[in-house]
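Read through the structure below, which is laid out as structure tokens, and then see the notes.
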């Protein structure tokens, strides 16, 4: 239990902090709280006066803080809705390669480990021919420019010294190799070159690049990327749902750990599976 003098001193100090941070005068706060200026002056004076609950709430609202923080009952001044708005954001996800948001999050996490469950094959591991087949119709007249910009971004990412762990469903690679489902119509040469590219990257970049394949009959994941310790992003289709609170980032990191533990093919054996898929592709006539 705090002495009334201690509680009034905390309130006085925090009320003064709030005025400074908001750039408000005592008169402006009084008008916003619906009281006389003398009332605010008395609260900021050297006595032991404390406001009633209504006045504390009105002052807190005017200053954009919580009553609990003003009264010394909390160390976080931000209202709950402000904390939530800061911790969770929704960003538009255009049909494109690395858009501005994704590229900014990669740059923000430079030097940290980035963990990724892609919606299809990971863009950063695709050949230009695969990218061209997949995105040209959506990008329209700007396709060549967008793909060239994407390749420039890849060069930057590969120099950013971030480690990448990527977890991918087995069936996604099977569909790619067979040109079925999402990949229907993809020419054999493009598939062969893409698998060669994946095999080469996995061999050349290990351990800074680790690819894991999980069986979606046993485990499942929505598309998600964990950008170091401070941000995790879930891909919804038209939007990204971005989390910055530590607890949620930790939960999604543990989810990725689970995918790795349950992987049918780990980073050391994944190239064997890629070689088998490649061997089953018949070249185009």
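Quick note: the coordinates plus some simple rules give every number you see, no bench work behind them. Note that the structure is predicted; figures quoted are calculated from it, not measured. Every residue, glycine as well, gets a Cβ built from its backbone with ideal geometry; the counts of neighbours run over all protein chains shown.
Below 8 Å, C-alpha to C-alpha, sequence gap of six or more: please give me the relative contact order for the chain in percent.
So the answer I get is 19 percent.
Relative to the present Cα-Cα distance, how much length would full extension add between residue 103 and residue 53 at 0.36 nm per residue of separation?
Here the segment from residue 103 to residue 53 would lengthen by 13.3 nm.
Beyond 20 Å, how much of the Cα-Cα pair distribution for segment 107-183 remains, as a whole percent?
Everything past 20 Å amounts to 42 percent.
Distance in nm between label sites at residue 41 and residue 284, each 7 Å beyond Cα in the beta-carbon direction?
Between residue 41 and residue 284, the label points sit 8.5 nm apart.
Would you calculate the separation in nanometres between label points at residue 264 and residue 5, each defined as 7 Å from the Cα along the Cα-to-beta-carbon direction?
7.3 nm
Please report the orientation-averaged projected area of segment 126-285, defined via the convex hull of its C-alpha atoms, in nm².
Value for segment 126-285: 10.5 nm².
If packing is taken as the average count of other Cβ atoms within 10 Å, what order do 8-17, 273-282 fall into, highest mean first?
The most tightly packed comes first, giving 8-17, 273-282.
Which one, 153, 145, 254, has the greatest fluctuation when you compute a Gaussian network model over the chain with C-alpha springs under 10 angstrom?
Checking each option, the largest mean-square fluctuation is seen for 145.
Which ordering of 126, 189, 113 is given by a fewest-first count of other beta-carbon atoms within 10 Å?
Fewest-to-most ranking of 126, 189, 113: 189, 113, 126.
From the helices alone, meaning DSSP H stretches of at least four residues, give me the mean residue ellipticity at 222 nm for the chain, per-run term -39500 (n - 2.57), in deg cm²/dmol to the nearest 500.
So the helix-based figure for the chain works out to -15500 deg cm²/dmol.
If you fit an axis through the alpha-carbon atoms of helix 188-205 and take the longest principal axis of the Cα set of the chain, what angle between them do you get, 0 to 90°, nearest 10?
60 degrees
What distance in nm lies between label points placed 7 Å from Cα along the C-beta direction at residue 241 and residue 151?
Using points 7 Å along Cα→Cβ, the separation is 3.7 nm.
Against the longest principal axis of the chain, how steep is helix 246-261, in degrees 0 to 90 to the nearest 10, with axes from Cα atoms?
So the helix axis and the longest Cα principal axis differ by about 20 degrees.
Among 258, 133, 69, what is the fewest-to-most ranking by other Cβ atoms within 10 Å?
Exposure proxy ranking, most exposed first: 258, 133, 69.
Calculate how many DSSP beta bridges within the chain are antiparallel, expressed in % of all such bridges and rounded to the nearest 5.
For the chain, the DSSP antiparallel bridge percentage is about 65.
For the chain, what is Rg from Cα atoms divided by 2.2 N^0.38 Å, rounded to two decimals?
1.44
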